[in-house]
Amino acid sequence: MYDSLAAVVKESKKSGAKFWQVIQEDDCREEAIDRQKSFGRMRAMYEAMRDSVNNYDPTLHSASGLVGTDAAKLEKYYNEGKMMADDFVGRVMIRALRVAESNACMKRIVAAPTAGSCGVLPSVLITMQEERKLSDEQMIEALYVAAGIGGVISKRASLSGAEGGCQAEIGSASAMAAGALVSLMGGSAEQIANAAAIALKSLLGLACDPVAGLVEVPCVKRNVIGSVNAVTAADMAMAGIKSRIPPDEVIDAMRSIGHGMSTSIRETGTGGLAATPTGVKIREKVTKW
Amino acid sequence: MNVFEIVGPVMVGPSSSHTAGACRIGQVCRKLMSERVVDAKILFYGSFLATGKGHGTDRAIIAGLMGLAVDDQRIPSSFDLAREEGLQYEFGSVDLGENAHPNSVKLILTGESGRKLEIVAASIGGGQIRICEIDGLTANFSGDYPTLIVHNLDQPGHVAEVTSMLQHKAVNIASMQLYRSSRGGSAVMVLECDQEVPEESVDWLRHLEGVEKVTYYSLKG
């Protein structure tokens with residue numbers, strides 16, 4: 001697994017292979033599996049993502065009762081033509097909520113990179129496929145791009161809220177999704193790396209402060225901002241905008257910010273929103289065995 | 001780390017550590033038991049105790065004990081399945097000490113033949129787990145590989161005996177750890193392997209002088 005985006009970009013330039021191919025090649029070598037088998041496994045991930053969007057149940061609530069039915073509300077509002085955001089972004093928002101709510105309600109999802117951030121990638125990918133009539137193969141290639149970006153983040157920093165706060169989960173998911181979108185738009189390896197950097201920079205410092213320690217509040221709605229942020233970062237990168245701080249240095253900054261965070265805002269459910277009077281009251285109610 | 005640990009796994013939510021990891025702990029315990037579990041006392045510690053209820057940690061661990069995969073949609077209803085299959089369970093709390101991982105659990109299991117097994121395990125993030133102790137003895141393995149755990153007296157030659165047996169059987173070692181309580185006291189080696197170790201070779205180790213206990217975790221069945 002690569003430990004720098006610069007190395008992926010360099011390899012892509014040197015060999016002429018696309019970003020996704022560089023990632024796949026490296027993983028197949030490391031795991032000693034052939035490309036076809038690897039591609040088949042990634043196809044299964046994409047299909048599971050699609051299922052996670054489609055299998056939303058608008059009647060479900062989570063065990064705590066804090067989460068559920070919100071995607072259906074947003075969908076109704078969208079169908080009434082009231083949404084301020086444009087049509088594409090509206091559909092991305094709805095899907096992010098569908099998947100993140102399904103996760104909280106113990107339905108099947110794809111952790112990408114984590115369960116708490118599982119709504120980000122499917123929401124932008126499924127909507128992009130629908131919008132641009134892309135093939136499943138193109139979507140699967142984009143998932144390798146996302147995995148490559150997530151892999152570098154896991155090597156240089158972290159993908160865990162307990163270690164790096166929410167920036168490591170939603171921030172990373174957003175960076176992965178931004179890169180995947182650029183690859184689908186036909187952007188270069190360099191543009192992919194820049195989109196990831198722009199997305200991540202915008203979410204640096206995000207605390208992991210879940211109410212009662214559950215993957216519900218604010219996690220579900222943060223999937224929406226992770227998704228929309230990926231779209232804006234990808235558009236900026238496609239317009240030729242670069243991250244003034246090189247992508248790998250942005251990831252390093254995420255690590256150092258994570259290390260500087262108090263443990264109360266690193267998935268312990270003791271600081272931030274979790275420590276508000278309402279958060280504390282909810283905790284007392286829902287954590288009894 | 002591979003690409004499918006970044007994009008993946010496919011799992012039932014809400015938490016890779018508290019739900020998928022808990023299910024995985026149940027699965028590995030079931031394999032270590034190597035027979036049907038009929039009674040399970042499950043004692044939670046740390047964050048498992050604090051937030052396990054809301055994360056379905058209890059239902060996930062029972063699902064794992066019954067052999068359900070982490071993406072099995074029946075995980076939320078595993079208590080009903082357990083009742084149907086005659087698995088008795090109860091939950092409680094335990095203090096595993098401040099050195100224990102925050103997501104830890106102790107399982108006291110009884111199999112259908114009456115066999116008892118006590119396991120301490122931790123969910124260490126992203127659905128990855130560690131089996132920390134088996135029957136009070138250090139184990140420390142992931143459950144991702146066939147694993148050989150040898151408890152022996154701390155005296156020269158035991159590592160060579162085990163590793164030359166593995167060489168002879170063409171088994172490659174993925175990771176190896178050694179610990180001892182004190183010089184000349186009791187020692188343990190934990191070997192995660194790329195291939196399965198033949199059963200007769202595991203038995204052979206059990207009969208060596210100075211070897212006190214051999215536990216083998218197979219990925220099969």
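Residue count for region A:18-68 satisfying the condition of being within 22 Å of B:ILE75 (Cβ to Cβ) and either touching a Leu at 6+ places or on another chain (Cβ under 8 Å) or at pLDDT below 95 (or both): 8.
Considered as a group, the residues in region A:59-100 that are over 21 Å from the mean Cα position of the chain (by Cα) and β-branched (Val, Ile, Thr) include one that is surrounded by the fewest Cβ atoms within 10 Å (Cβ to Cβ), and that residue is A:THR59.
Take the conditions within 12 Å of chain A (Cβ to nearest Cβ) and surrounded by fewer than 20 Cβ atoms within 10 Å (Cβ to Cβ) and apply them to B:ARG74. Does it pass?
Working: within 12 Å of chain A (Cβ to nearest Cβ): yes; surrounded by fewer than 20 Cβ atoms within 10 Å (Cβ to Cβ): yes.
Here the answer is yes, as B:ARG74 does meet what is asked.
Candidates in region A:21-42 are the residues that are facing chain B (nearest Cβ under 10 Å) and farther than 21 Å from B:ASP144 by Cβ; of these, the one that is surrounded by the fewest Cβ atoms within 10 Å (Cβ to Cβ) is A:GLN24. Screening B:ASP144 with (1) under 14 Å from B:ARG180 (Cα atoms); (2) modelled with pLDDT of 90 or more gives one miss only, at (1). For region B:1-22, residues that are surrounded by fewer than 24 Cβ atoms within 10 Å (Cβ to Cβ) and more than 7 Å from chain A (Cβ to nearest Cβ) total 1. Residues in region A:176-196 that are free of Cβ contacts under 8 Å to residues at least 60 places away in the same chain and crowded, with 24+ Cβ neighbours inside 10 Å: A:ALA177, A:ALA178, A:ALA180, A:LEU181, A:VAL182, A:GLN191, A:ASN194, A:ALA195.
Tell me whether region B:79-94 contains one or more residues that are closer than 17 Å to B:ILE129 by Cα, surrounded by 16 or more Cβ atoms within 10 Å (Cβ to Cβ) and within 9 Å of another protein chain (Cβ to nearest Cβ). Full working, then the answer.
Of the residues in region B:79-94, the ones closer than 17 Å to B:ILE129 by Cα are none.
No, there is no match, as no residue in region B:79-94 is closer than 17 Å to B:ILE129 by Cα, surrounded by 16 or more Cβ atoms within 10 Å (Cβ to Cβ) and within 9 Å of another protein chain (Cβ to nearest Cβ).
Every condition in (1) modelled with pLDDT of 95 or more; (2) closer than 30 Å to A:GLU31 by Cβ is met by B:ASP203 except one, and the failing one is (2). Taken over region A:236-276, residues that are among the basic types (Lys, Arg), surrounded by 14 or more Cβ atoms within 10 Å (Cβ to Cβ) and more than 20 Å from the chain's Cα centre (by Cα) amount to 1.
With a cut-off of at least 1 residues that are touching a Pro at 6+ places or on another chain (Cβ under 8 Å), name the strands (runs of 3 or more DSSP E) lying wholly within region B:125-195.
Values: elements: B:128-134, B:137-141, B:147-153, B:173-180, B:186-193.
Result: B:186-193.
Once region B:41-58 is narrowed to residues that are surrounded by fewer than 24 Cβ atoms within 10 Å (Cβ to Cβ), hydrophobic (A, V, I, L, M, F, W, C) and touching a residue at least 40 places away in the same chain (Cβ under 8 Å), the residue that is nearest to B:SER15 (Cα to Cα) is B:LEU49.
Scanning region A:225-249 for residues that are touching a residue at least 24 places away in the same chain (Cβ under 8 Å) and within 18 Å of A:VAL8 (Cβ to Cβ) gives A:ALA233, A:ALA234, A:ALA237, A:LYS242, A:SER243, A:ILE245, A:PRO246, A:PRO247, A:ASP248.
More than 22 Å from B:ALA20 (Cβ to Cβ) and in contact with a Ser or Thr (Cβ under 7 Å, 6 or more places away or on another chain), is that true of B:ILE149? Spell out how you get there, then give the answer.
On the way: more than 22 Å from B:ALA20 (Cβ to Cβ): yes; in contact with a Ser or Thr (Cβ under 7 Å, 6 or more places away or on another chain): yes.
Yes.
Counting the residues of region B:141-160 that are of a type outside the set (Gly, Ala, Ser) and buried (at least 17 other Cβ atoms within 10 Å of the Cβ) gives 11. Among the residues of region B:59-71, those identified as within 10 Å of another protein chain (Cβ to nearest Cβ) and crowded, with 20+ Cβ neighbours inside 10 Å are B:ARG59, B:ALA60, B:VAL70.
Among the conditions (1) on the phi < 0 side of the Ramachandran plot; (2) within 11 Å of chain A (Cβ to nearest Cβ), the only one that B:GLY46 does not satisfy is (1). Within region A:59-90, the residues that satisfy the criterion of being over 22 Å from A:VAL286 (Cβ atoms) and part of a loop (DSSP other than H, G, I, E, B) are A:GLU80, A:GLY81, A:LYS82, A:MET83, A:MET84, A:ALA85, A:ASP86.
Yes/no matrix, rows are residues, columns are (1) in the same structural domain as B:GLY13 (by TED's automatic domain parsing); (2) modelled with pLDDT of 95 or more; (3) in a helix (DSSP H, G or I):
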| residue | (1), (2), (3) |
| --- | --- |
| B:LEU49 | yes, no, yes |
| B:LYS53 | yes, no, yes |
| B:GLY64 | yes, yes, yes |
| B:LEU81 | yes, yes, yes |
| B:PHE91 | yes, yes, no |
| B:ALA100 | yes, no, no |
| B:VAL105 | yes, yes, no |
| B:THR110 | yes, yes, no |
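The values are calculated or read from the model by the stated rules, or taken from the named source; none is laboratory data. Model, not experiment: these values are computed from the prediction. For neighbour counting, all protein chains shown are included, and Cβ atoms are generated from backbone atoms with ideal geometry for every residue, glycine included.
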